[in-house]
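First the structure, in the form of structure tokens, and then the observations on it.
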Amino acid sequence: MTIYLDNGATTAVDKEVVEAMLPFFKDKYGNASSMHHAGQDARKAVDDARQKIADALGAEAKEIIFTSGGTESDNLAIKGAARANKEKGNHIITTKIEHPAVLSTCKKLEKEGFSVTYLDVDPDGLVSPESLEKAITDKTILVSIIHGNNEIGTVQDIAGLGKICREKGVLFHTDAVQSFTKVPLDVSLLPVDMMSISAHKIHGPKGTGALYVRAGTRLKPLMQGGSHEFKMRPGTENVPGIVGFARAAEIALAVDVSKITEVRNHAFKQIIKEIDNIKVNGPRDEMRLCNNINISFANVEGEALGSYLDIDGICVSTGSACSSQTLEPSHVLLAIGLSKEIANGTLRMTLSKHTTKEEIDKAVESLKKHTEKLRAISPLNTVLENVQ
Amino acid sequence: MYNETVMKHFKNPTNAGDMECVDGCGKVGNPSCGDVMMVQIKVDDGKITDAKFKTFGCCAAIAASDAVCEIVKGKTLEEAAALTKDDIVKFLGDLPCVKIHCSILGIEGLQKAIEDHKARTASTV
């Protein structure tokens, strides 16, 4: 039995999505750039998918560039816009809680001579419009702020932040990989110039994403090759992936997110009721992604707790990156003011439309048991103020 | 990520907990680095007769703590003081590269417990 609470990492691909993709592996396998009918069938599928993704965002089809995923979209937006606009200035603004796809890209640009400001956030992870306004100089060419945070679920007011950029004549990019289809996004109303989205976070296939680029925005492509994707992203289109992405977006937009919110709130309630000496990270209201839970457990190390849950069949992720190759605690948790010790004792649980209250109850039972077990063998006795 | 031996010591550490009448105690690590290890030993006639640990840390840290306690039981203080991280890694089969520091921490905890024991006996003489 698996209880999968790591949908922020990736999701199960919907059956309808797989079915939509299959013909493009087997029968309609043409190259969308070929002139013959096999190629043109593929071309039509890509065009239809582009229109569907554009509709999902309130964009024009010509403003959608298909990529290999969120990371490539972020790279294309930031490097592409910075390099295309460097005669206007060399200053970029982002935040301390971005996904590594944005942070590492900005670090790379610093080596190319750009200067980057990393904005602080408040204890809930929110960027203040005042701090953004203050940071913009006449050298600023680009602002990139994550929409829904992948770790603590904070949803930024991108309408407000984008408005500031628009008024100052600065390009505004947002990484909406986690929020796409969970939070309404309409670029015909939002002052956003570029937006990264990805298929595999919305029950679509891995390896496909898109970058929305407002018409008229200047970008330099990352790679050289053919004239695919409006000369912005060379390489034969991943037709099955693109078709699957569009189908996944259609399905995801029809999901009632309030049901996910209800299960999520049930989880918060049960964890707070059953386990003491914890801290909920991120906002508790509508400024939080509907499927995100992030909690620090005092005196317990996250990887150990996550591993015990895994033995019980429950998949979660550590708020810290300790389980992966780096041993540094999460930069997001440090940015919201957590100590390294508390950041190291943090778990993220991310729900999907498939998550049930029964699964949550089983997970909470396991969480309680293992937190107690680990606390019994912990030499620490830190007391947290239970912030709710 | 971890082999069966590491997972066995992580899942069911037999040497976790507190000890009555401690003869030596060593606490090492730092919670901000993600590991704190406390090793307690009982010494009888120059030999370690029992060892217990308390650890805040990852799977490898807990497994390494349990391994240290297991290895030192029955060893003389000199034999125990001569142990290295390689003895722990060997006992556990293997550890991922990024987790080798957990075995080092285990050895440091043990050494500190032995030093503490020596200091205690010196002061009572």
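The values are calculated or read from the model by the stated rules, or taken from the named source; none is laboratory data. Since the structure is predicted, the reported quantities are computational estimates derived from the model, not experimental observations. Note that we place each Cβ from the backbone using ideal geometry, even for glycine, and neighbour counts take in every protein chain shown. Protein only, heavy atoms only, side chains kept; ligands, DNA and RNA dropped before computing areas. Shrake-Rupley method; radii C 1.70, N 1.55, O 1.52, S 1.80 Å.
Which of rounded, prolate or oblate describes region B:62-125 when judged by the alpha-carbon gyration tensor and an a/c cut-off of 1.5? In terms of gyration-tensor shape, prolate.
The Cα center of region B:46-71 and the Cα center of region A:335-388 differ in position by 24 Å. Shown for region B:50-66: residues covered by the partner protein chains by 40 Å² or more of accessible area relative to the chain by itself (probe radius 1.4 Å), namely B:Lys54, B:Phe56. Each Lys and Arg Cβ is given +1 and each Asp and Glu Cβ -1; about its Cα centre, chain A then shows a dipole of about 860 debye. Just checking the listed ones, B:Asp86, B:Asp50, B:Asp23: in the Gaussian network model of chain B with Cα springs under 10 Å, the one fluctuating most is B:Asp86. Rounded to the nearest 10 degrees, the angle from helix A:70-84 to the longest Cα principal axis of chain A is 60 degrees. Shape of region A:1-76 from the C-alpha gyration tensor: oblate (a/c of 1.5 or more and a/b not above b/c, with a ≥ b ≥ c the square roots of its eigenvalues).
Loop-located chymotrypsin sites (Phe, Trp or Tyr not before Pro) in region A:9-41 (DSSP state not H, G, I, E or B) with no more than 16 neighbouring Cβ atoms inside 10 Å: A:Tyr29.
Along chain A, the longest continuous region that contains none of the GluC sites (Glu not before Pro) in a DSSP loop with at most 14 other C-beta atoms within 10 Å is A:113-285.
Where does helix A:37-57 land angle-wise versus the long Cα axis of chain A, in degrees 0 to 90, nearest 10? It works out to around 50 degrees. Each Lys and Arg contributes +1 and each Asp and Glu -1, all at the Cβ; summed about the Cα centre of region A:69-128, the dipole is approximately 360 debye.
Taking a ≥ b ≥ c as the square roots of the eigenvalues of the Cα gyration tensor, region A:122-193 is oblate, since a/c reaches 1.5 or more and a/b is not larger than b/c. Once neighbouring chains are kept in place and the probe is 1.4 Å, which whole percent of the accessible area of the protein assembly as shown is contributed by carbon and sulfur? Answer for the protein assembly as shown: carbon and sulfur cover 52 percent of the accessible area. Compared with the dominant principal axis of the Cα atoms in chain A, helix A:357-376 is inclined by about 50°. A 21 angstrom limit on the alpha carbon distance is what I want to check against. Which of A:Lys111/B:Lys99; A:Lys44/A:Lys231; B:Lys27/B:Lys54; A:Lys340/B:Lys99; A:Lys108/A:Lys206; A:Lys88/A:Lys134 exceed it? Too far apart for the 21 Å limit: A:Lys111/B:Lys99; A:Lys108/A:Lys206.
Only protein heavy atoms count here, probed at 1.4 Å, and on that basis chains B and A bury about 1900 Å² of accessible area in total. Among A:Tyr4, A:Tyr118, A:Tyr212, the order of accessible area from largest down is A:Tyr4, A:Tyr118, A:Tyr212, computed with a 1.4 Å probe on protein heavy atoms.
For the protein assembly as shown, the fraction of C-alpha pairs more than 30 angstrom apart is 55%. Compactness ratio for region B:4-119: Cα radius of gyration over 2.2 N^0.38 Å (N = residue count) comes to 0.95. In region A:6-48, a dipole from Cβ-located charges (positive for Lys and Arg, negative for Asp and Glu) runs towards its positive end, and of A:Pro23, A:Ala38, A:Asn7 it is A:Ala38 whose Cα lies farthest in that direction. Projection of the Cα convex hull of region A:15-253, averaged over all directions and equal to a quarter of that hull's surface, yields 12.3 nm². When shorter helices are ignored and each DSSP H run of at least 4 residues is given -39500 (n - 2.57), the per-residue value for chain A at 222 nm works out to -12000 deg cm²/dmol.
With the alpha-carbon atoms of region A:195-350 aligned to their principal axes, the span from lowest to highest coordinate is 57, 36, 33 Å, starting with the largest.
Relative contact order, whole percent, for region A:15-253 stands at 28, derived from Cα pairs under 8 Å and 6 or more residues apart.
When chain A is treated as a Gaussian network with alpha carbon springs shorter than 10 Å, the biggest mean-square fluctuation among A:Ser352, A:Ser198, A:Ser227 belongs to A:Ser227.
With all protein chains kept in place, the per residue accessible area of the protein assembly as shown amounts to 42 square angstrom at a probe of 1.4 angstrom.
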